[in-house]
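The values are calculated or read from the model by the stated rules, or taken from the named source; none is laboratory data. Everything numeric in this text was worked out from a predicted model, so none of it was measured. Virtual Cβ from ideal backbone geometry, glycine too; neighbours counted across all protein chains shown.
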Amino acid sequence: PAMITSYPNTTRAEQGHMTEMSCTAHGEKPIKVRWEKESHIINPDMSRYVVTVKEVGDEVISTLQ
């Protein structure tokens with residue numbers, strides 16, 4: 001199992017402005033981070049969202065823009 005070690009802050013995104021949040025988790029690989037907005041899963045394939053994932057040692061850092 002994976003454990004989140006750094007939670008993103010609750011952020012209010014304003015239309016027309018870029019907002020960025022990050023989440024860090026560690027544990028057994030593969031680790032997948034799922035982003036949600038108002039209980040709906042964010043699809044990273046939608047053009048308005050960019051999700052990047054970086055592995056650092058035994059941690060995964062997922063960033064949503």
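Which ranges mark the strands (runs of 3 or more DSSP E) fully within the chain that have 3 or more residues being exposed (fewer than 14 other Cβ atoms within 10 Å of the Cβ) and modelled with pLDDT under 85? Break it down into steps so the answer makes sense when it comes.
Details: elements: 2-6, 21-27, 51-56, 59-64.
Because the criterion is at least 3 residues that are exposed (fewer than 14 other Cβ atoms within 10 Å of the Cβ) and modelled with pLDDT under 85, the strands (runs of 3 or more DSSP E) in the chain that meet it are 2-6.
The residue list 20, 38, 59, 28 contains one member that is without any contact (Cβ under 8 Å) to a residue 12 or more places away in the chain and among the acidic types (Asp, Glu), which is 38. Take residue 62 and tell me if it is of a type in the set (Ser, Thr, Tyr) and on the phi > 0 side of the Ramachandran plot. No; evaluated as a whole, the condition is false for this residue.
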